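Student: Next up is a structure, given as structure tokens.
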Amino acid sequence: MGNNTVTIPEVDVVNGRISWTVNATPDICYPGSTLRFDNWTYSDLFYETELDLGRRTFTSIETSNESAIFNMTNNGDHDLTYPIFYHGNGSDDGNGTWTGFNMSIAGRSTVSLNSSDEGANHFNSNSEVENYIDDILISNNLTQRERKDLLSYWTPLWFNSTQSFVLAFMTIAEYDDLLPLTVEPTPKTVRRVGIYWIDDIPVTEI
């Protein structure tokens, strides 16, 4: 577990581990199910933590009058998928430009992506960005409520940022390596979606 960890319901982090013991009724896999913890009822177990990943990735943006070049080095062993770049353009109100790419960046590799590339996705509004991310979450089999909860929590932070940053989706294998999960009894299915948010990336004019 990382730093500045927040848990809901609140529990102590012991030896880097979070542990909840709950009663699930009727079955957590179905809509309307509930979790009973310490005489309170919850629909979810939530935690947020900061991980120091060192030089896991390096990203920069080079801009010109015609286009922007997004450089990204993946120093990890796992792929990063669907990179989405936000270029602040010096804006202090979150009104920069968004560019996404339907691709994977293999582990131990570097790519340079041009905003003028045929495969680049340009978004004209925050709602288009949100719909694009929602489609990715659908492809990862998240339910409508799970997708809504994720987007309603994170998009205000992304859309109001004054920094340039990149979002990228991690593989389940990497998520399990970084933050192992154990559930007893073992569920029939486990779906995990991890998103890197790499902020304050350098921007230079060329």
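No value in this document is a laboratory result; all are computed from the given coordinates. None of the values given here were measured: they were computed from a predicted structure. Positions of Cβ are backbone-derived with ideal geometry, glycine not excepted, and every protein chain shown enters the neighbour counts.
Student: Quick one: helix 126-139 against the long Cα principal axis of the chain, what's the angle to the nearest 10°, folded into 0 to 90?
Tutor: The two axes meet at around 50 degrees.
Student: Moving to a separate point now. Relative to the Cα centre, what is the charge dipole magnitude of the chain, using +1 at the beta carbon of each Lys and Arg, -1 at the beta carbon of each Asp and Glu, and rounding to the nearest 20 debye? Can you show the working numbers first?
Tutor: Details: 11 positive and 29 negative charges, 120 e Å.
Computed about the Cα centre, the dipole is about 580 debye.
Student: Follow-up question, since we're still on this one. Which one, Val13, Asn89, Asn126, projects farthest toward the positive side of the charge dipole computed for the chain from Cβ point charges (K/R +1, D/E -1)?
Tutor: Final value for the positive-end residue is Val13.
Student: Quick check on packing: order 47-54, 74-81, 146-153, 183-190 by the mean number of other C-beta atoms within 10 Å, highest mean leading. Can you show the working numbers first?
Tutor: Values: 47-54: 11.4, 74-81: 18.2, 146-153: 14.4, 183-190: 7.4.
Top of the packing list down: 74-81, 146-153, 47-54, 183-190.
Student: Hey, of (i) 18.8, 60; (ii) 15.8, 48; (iii) 18.5, 56, which did the structure itself give for Rg and Dmax of the Cα atoms in Å when calculated?
Tutor: For Rg and Dmax of the Cα atoms in Å, the calculated option is (i).
Student: I would also like to ask the following. Residues with beta-carbon under 15 Å from that of Ser19, excluding Ser19: net charge, scoring Lys, Arg +1 and Asp, Glu -1?
Tutor: Working: positive: Arg17; negative: Glu10, Asp12, Asp38, Glu184.
That works out to -3.
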